[in-house]
Each structure stands twice: as structure tokens, then as C-alpha cells.
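Okay, so here's the structure we're looking at.
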Amino acid sequence: MESHVKSALFLYVPETAELIEQVVQNPFDTEITSVALQEFLDNPEQYLQQFNHAVVAAPLDAIKSLLALAMEHDFSNDVIPTPGQRTLRNCSKVARNGLGP
């Protein structure tokens, strides 16, 4: 896998939509396309034709759904933990790089 992702999906829920601007304007020069998580889950093939990496900010059940899809469709992912997901911060490079809450 590449060490730097050139393009990615940002999958969000209404509670994390406030992160869209910050993620899109990331300091890594990664082109981000924001998509509501449910829209992605309803039709992942539509997006996975163009993208092989997804960043998600959502409740744990939704993250688990995304991880299952990632294993099935072979795409990589990152998680931006919400304030209530402090234990996930230990697993996420994204949060430590200043993009997480």
C-alpha cells in the first residue's frame, strides 16, 4: 500500500458533518470527496470504482459496517474518532495528525 493516499472518500454522519471542511482542506494534499455514510453503504460499488481509501467519522456500529465492507471489497480506511470514542484515538494516525476532534 502507498504511504500517502492521493485521493479518498470522507464518510460522515449528520453528527460529524462539521468535519467536512477540515478534512477536505487537509494538509496532506489528498483530494477528498465527502459522501454521507449511508449513501456509501447503500451503494459502495459506485464509489469504489474511483476510490480505494475511505476516512470515516461515525458511531462505532457504522465504523464496524465500513470495516466489514473494506474486507469484502479490499479498500483501506482510517477513522476520525468522535469525542466519545477516546479509546479509538490510540489506533488512529489521523487523530494524532491534527484532523480529529
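When the test is whether a residue is at negative phi, part of a helix (DSSP H, G or I), at pLDDT below 95 and polar (S, T, N, Q), Thr87 passes it.
Taking the stretch 1-42 as the search range and keeping residues that are among the aromatic types (Phe, Trp, Tyr) and within 14 Å of Ala57 (Cβ to Cβ), which one is surrounded by the fewest Cβ atoms within 10 Å (Cβ to Cβ)? If we take residues in the stretch 1-42 being among the aromatic types (Phe, Trp, Tyr) and within 14 Å of Ala57 (Cβ to Cβ), then Phe40 is surrounded by the fewest Cβ atoms within 10 Å (Cβ to Cβ).
The values are calculated or read from the model by the stated rules, or taken from the named source; none is laboratory data. The model shown is predicted, which means the values in this text are computed figures rather than measured ones. For neighbour counting, all protein chains shown are included, and Cβ atoms are generated from backbone atoms with ideal geometry for every residue, glycine included.
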